């Protein structure tokens, strides 16, 4: 059933790990088995970046509500009062100035690495973190779930050269995105120019930090921060539908309906697969997360 207000997102509801696993295997057995995944611990939350939610907090509102019209109206109100691109640049500048006090930092020119580092430590940033592993996304969704959680699956054709030609129109940049080239950072800065056309690109830094490496991570980056993430994404899905008319849904949302016993079964199964807080984030924070989530399993 697809009851999502964003019609381009196809919903699949599951009540168990076996149901979820079966639907996942059906998904990857299609003609294009490459998908990018994102787990969210509340199925009602919208797809939105930390930067988007940061802007919306200016209005004292909850940016996690799953309603694009609501988010769009809030952002419009913020836009009337703020220069969002200027605010974004100030956040990045402030992080660059002081991050080296606390951790090792990349060279100034590696822009995407800076964004990745900001996301790692929870700073407001326009990239949405994802993973190439369905089971890592499942862990991220279920570990703190207190109700129905969700795993989003994005068909990677949404972000291939055919789509990027429409939204970026720079062949060199497209090549760098496709290959996660060392030169990619030379083009990422252009994404921060004002009044960009909407759309989403899939980017991964050439050099990985621990989080990206252990979690098989990648990022989705909206081009226009004056619009909600889902509005940017819808541009990709519209182009996708025009090019790949008879193919599968571009975005699938697996909703895992909450059951405390089933949640424990899934966490135990993921533990057996060595997917824990510590394996995904091998430091004291990750170890303590494993104690909190998986302590009962030997």
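Things worth noting here:
- Helical content of the chain, expressed as a calculated mean residue ellipticity at 222 nm, amounts to -13500 deg cm²/dmol (DSSP H runs of 4 or more residues, -39,500 (n - 2.57) each, divided by residue number, nearest 500).
- Region 198-284 shape via C-alpha gyration tensor axes, a/c threshold 1.5: oblate
- Mean-position separation - Cα centroids, region 126-143 and region 7-26, in angstrom: 15
- The convex hull of the Cα atoms of region 113-207, projected and averaged over all directions, covers 7.3 nm².
- Average silhouette area of region 83-146, convex hull of alpha-carbon atoms, in square nanometres: 6.1
- Largest-first principal axis extents of the Cα set of the chain (Å): 51, 49, 40
- Using a Gaussian network model of the chain in which every pair of alpha carbons under 10 angstrom is joined by a spring, one finds that among 22, 44, 113 the greatest mean-square fluctuation is at 22.
- For the chain, built as a Gaussian network whose Cα springs stay under 10 Å, the top-fluctuating residue of 257, 118, 273: 273
Coordinate-derived values only; no laboratory data. Here the structure is a predicted model, which is why all the values come from computation and not from measurement.
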